[in-house]
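First the structure, in the form of structure tokens, and then the observations on it.
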Amino acid sequence: MRILVIEDEPGIATFLKEGLEEETYAVDVAYDGKSGLSLALENMESYDIFLIDWMLPGLSGLEITRRIREVNKQVPVIFLTAKDTIDDTVFALDMGANDYIKKPFSFDELLARIRVQLRKGREDATELKAGHLVLNLHTHEAFVGDKEIYLTQKEFALLEFLLRNKGRVCSRTRIIQHVWDINYDSDTSVIDVYINALRKKIQTGTDEPIIKTVRGLGYIIKE
């Protein structure tokens with residue numbers, strides 16, 4: 001899952017980026033309204049959720065949200081702000097925000113609010129499964145049968161993306177867009193390296209391959 005954080009306070013932005021990346025999200029950061037809007041509009045299909053500060057130099061979070069809603073009505077937007085009146089909250093929600101969290105906030109609460117937004121319209125599951133493979137989204141544990149397997153953060157994020165799209169071919173471009181951040185170069189061959197590493201960890205000798213290659217298109221997980 002890929003998140004755009006638009007936050008002008010460097011300390012908060014760094015804290016969010018590092019914390020979210022530890023939770024296996026791919027995170028891009030913009031430090032002012034204009035660059036944040038530019039990133040949002042240029043990569044709209046890549047982002048699964050936006051975290052936007054209300055008070056930003058250049059353009060306000062409200063204006064960014066309004067512009068986002070002109071082209072995408074569905075992508076979740078969570079406001080991060082020091083404004084704390086009921087009128088402010090109502091105004092932000094009426095302008096198109098899906099949720100609103102007041103600074104200072106608990107990081108665990110923010111994670112919970114992100115999970116709520118991401119699972120809307122999806123099955124409310126704590127686990128993703130395919131065959132003998134089970135991925136626990138809350139504990140970040142992975143099991144093949146009764147055996148726990150160790151996955152790096154990026155391996156976990158890649159496997160989660162493939163499992164969330166079970167039954168659909170995921171192109172290398174889509175995988176890069178949703179699992180890697182915007183600073184990664186356009187060389188998608190790294191995905192093959194990660195796929196091979198995952199296969200070695202999750203594949204048993206007797207089963208059909210869990211991750212299958214669709215030549216010329218990408219990868220797919222099927223039961």
Quiz prompt | Values of log10 I(q)/I(0), in the order q = 0.10, 0.13, 0.14, 0.15 Å⁻¹, for region 2-119 under a Debye, Cα-only, solvent-free model | solution = -0.24, -0.42, -0.49, -0.57
Quiz item: What net charge do the residues around Ala82 carry, taking every other residue with its C-beta under 14 Å from that of Ala82, with Lys and Arg at +1 and Asp and Glu at -1?
Solution: -3
Exercise. Can you find, among Leu163, Leu151, Val134, the residue farthest towards the positive end of the dipole of region 117-182? Put +1 on the C-beta of Lys and Arg, -1 on that of Asp and Glu.
Key: Leu163
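How large is the Rg to Rh ratio of region 127-221 when both quantities use alpha carbon positions and Rh follows Kirkwood?
Details: Rg = 12.8 Å, Rh = 13.6 Å.
Radius of gyration over Kirkwood radius for region 127-221 works out to 0.94.
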Quiz item: What are the ³J(HN,Hα) values, in whole Hz, obtained from phi via the Karplus relation 6.51 cos²θ - 1.76 cosθ + 1.60 with θ = phi - 60°, for each residue of region 50-66 in sequence order, with x given for Gly and Pro?
Solution: 10, 10, 10, 6, 6, 8, 10, x, x, 9, 6, x, 5, 5, 4, 4, 4
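Can you pull the Kirkwood radius for region 55-178, inverse mean 1/r over Cα pairs, to one decimal in Å?
On the way: mean 1/r = 0.0584 Å⁻¹.
That comes to 17.1 Å for region 55-178.
Between Ser35 and Val134, what is the FRET efficiency for a Förster distance of 41 Å, r being their Cβ-Cβ separation, to the nearest 0.05? The partial results should precede the final answer.
On the way: r = 40 Å, r/R0 = 0.98.
Calculated value: 0.55.
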Self-check item: Inter-site label distance for Arg215 and Lys201 at 7 Å from Cα along Cβ, in nm
Solution: 2.9 nm
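What is the calculated FRET efficiency for Ile12 to Lys154, with r their C-beta to C-beta distance and R₀ = 22 Å, to the nearest 0.05?
Taking R0 as 22 Å, the efficiency between Ile12 and Lys154 is 0.35.
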Exercise. Under a 10 Å cutoff between Cα atoms, tell me which one of Pro209, Pro104, Pro57 has the largest fluctuation in the Gaussian network model of the chain.
Key: Pro104
Quiz prompt | Cut-off under 5 Å, modelled amide H: who pairs with Ile149 long-range | solution = Ala142, Phe143, Val144
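So what's the back-of-envelope 222 nm ellipticity for the chain, counting only DSSP H runs of four-plus at -39500 (n - 2.57) apiece and dividing by all residues, rounded to 500? The partial results should precede the final answer.
Numbers: 8 runs with 90 residues, N = 223.
Calculated from helices alone, the mean residue ellipticity at 222 nm is -12500 deg cm²/dmol.
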Quiz item: Given H placed 1.01 Å from N in the peptide plane, which residues other than close sequence neighbours of Tyr25 have an amide H under 5 Å from its amide H?
Solution: none
Self-check item: Phi-based couplings in Hz for region 24-41 (Karplus 6.51, -1.76, 1.60; Gly and Pro marked x)
Solution: 6, 7, 8, 10, 10, 10, 10, 10, 8, x, 5, 5, x, 5, 4, 4, 4, 6
Practice problem: Please identify every one of the trypsin sites (Lys or Arg not before Pro) in region 23-77 that sits in a loop by DSSP and has no more than 12 other beta carbons within 10 Å of its own beta carbon. | Solution: Lys73
Practice problem: Using Cα positions and a limit of under 21 Å, work out the lysines in reach of Lys166, with same-chain residues fewer than 8 apart set aside. | Solution: Lys120, Lys129, Lys154, Lys200, Lys201, Lys212, Lys222
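Every number here is computed from the coordinates shown, using simple stated rules; none is lab data. Bear in mind the structure is a predicted one, so any value in this text is a computation, not a measurement. Glycine gets a Cβ as well: all are built from the backbone with ideal geometry, and neighbour counts include every protein chain shown.
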